[in-house]
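Chemist: Take a look at the following structure, please.
The values are calculated or read from the model by the stated rules, or taken from the named source; none is laboratory data. This is a predicted model, so every value here is computed, not measured. Using ideal geometry, Cβ is built from the backbone for each residue, glycine included, and neighbour counts are taken over all protein chains shown.
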């Protein structure tokens, strides 16, 4: 829990420093208008908690395919610390349908929003309750810390990410761009492109590892309920030159 606890400590310190950080905001960049508060009719509880369940035909992490036919569930809780600073806590559990593999992850993310920019730092603990990586192959628990920078350009969001694995003693890097297309009030489509690379994470030295393309449809039959099916392609390169694959999945999110 040491990495997760570190992020929580950053949150407590950052909540006292956020007003000073805002003094550096470019006055020429207008802040987005604050969203109108949702009414009690919009959300069951309005406590900032999302519960999601999902299915993926392929379980892919940082471009590496781990398993097929997996079911997962997570709870995501947002805790506002100041006007611009928030802490997200997300426990996540995955179970393979065709194997004895399961996984429990606990992630804490501290996010600072400054106009169209977002800066995040996250700590994650990956637990493997059955000590199994499919087929009875043992694996150890892992810890990882991630830093992200995102910038919005209207419906387009560009993100760069850097992660360090304390267990693998290696770095993973990623650049992505996604574009949200509003079809109507209830439906949106979001294409996304990702390119990843690493240093001593999947192989020795620095090299690319994959290119990914995803198209997600988000349908809201109710303000607090979202269905999100997706189709995707993963194209491993460099350290992960293992063959291209197409896959898909779906998730259901309920907001409280």
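Chemist: Looking only at region 195-211, how many residues end up being in contact with a strand residue (DSSP E or B) (Cβ under 6 Å, 6 or more places away or on another chain) and surrounded by fewer than 19 Cβ atoms within 10 Å (Cβ to Cβ)?
Modeler: So the count comes out to 6.
Chemist: Restrict the check to region 141-151 and report whether at least one residue is surrounded by fewer than 16 Cβ atoms within 10 Å (Cβ to Cβ), modelled with pLDDT under 95, more than 15 Å from the chain's Cα centre (by Cα) and within 24 Å of residue 209 (Cβ to Cβ).
Modeler: Yes.
Chemist: Looking at (1) over 25 Å from residue 177 (Cα atoms); (2) at pLDDT below 95; (3) surrounded by 14 or more Cβ atoms within 10 Å (Cβ to Cβ), can you tell me which one residue 70 breaks?
Modeler: (2)
Chemist: Suppose we filter region 193-221 for residues that are modelled with pLDDT under 95 and over 22 Å from residue 62 (Cα atoms); how many remain?
Modeler: 0
Chemist: Would you mind stating whether residue 111 is outside any loop (DSSP other than H, G, I, E, B), modelled with pLDDT of 95 or more and farther than 24 Å from residue 164 by Cβ?
Modeler: Against the criterion (outside any loop (DSSP other than H, G, I, E, B), modelled with pLDDT of 95 or more and farther than 24 Å from residue 164 by Cβ), residue 111 does not qualify.
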